[in-house]
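Working notes, beginning with the structure itself.
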Amino acid sequence: MLRRFLGLLLLCPLFACASTSEVVSAPNPADFDLFTYHVAVPTVPAGTSEVVLRVATTESSPVPLSIHGLVGNAPFEFPPLHEKSSSSFACEQVALSFSSVCHLVYTTWELQATTNGKPIELDIRLGFPKGSTDVAALESALVGCTAATSDGRPIEAVTTRLARVR
């Protein structure tokens, strides 16, 4: 009896994640402290054929709310994030993919942007729990989740800035 109870206890959180519908209600920005994470690969080595910029969180916070950016001088806006747990977007300048992963008690997310060897800038609107005041620590955690490559080789010249939305 105890083994059956423990088995059910372990499976219930798995079913909770697995049974979540594709359509999720939009997070309410009033429930968060709002920030914009600006991340950019401002220069690319000559002859580069592919630039990949990736932000992949390992914690339940922050919650992504919207994404827009520039490739060269061409602006783009990613479709609303709350409609699906994963989605993609492509245009002539950039291909983006966004996915969220449900763990036992929290959700992480990953954003990947790929260009045809062009510089890229992203502005990711994020929600952190109310009372988030140590902006430097929040930005440091995001920088640890951010990476860029040029034709598969790491790019060190990635610039980042986290700013509170007023």
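A few notes on this one:
- Antiparallel content of DSSP bridges confined to region 40-166, in %, to 5: 100
- Packing, as the average of other Cβ atoms within 10 Å across residues, places the peptides 127-137, 58-68 in the order 58-68, 127-137, highest first.
- In this structure, the amide hydrogen of Ile155, modeled 1.01 Å from its nitrogen in the peptide plane, lies closer than 5 angstrom to those of Ala148, Thr149, Ser150, counting only residues at least 5 positions away or on a different chain.
Bear in mind these aren't lab numbers, they're just calculated from the coordinates by the rules spelled out. Note that the coordinates shown come from a computational prediction; the quantities given were computed from them, not determined experimentally. Methodologically, a virtual Cβ is constructed for each residue, glycine included, from the backbone with ideal geometry; neighbour enumeration extends over all protein chains shown.
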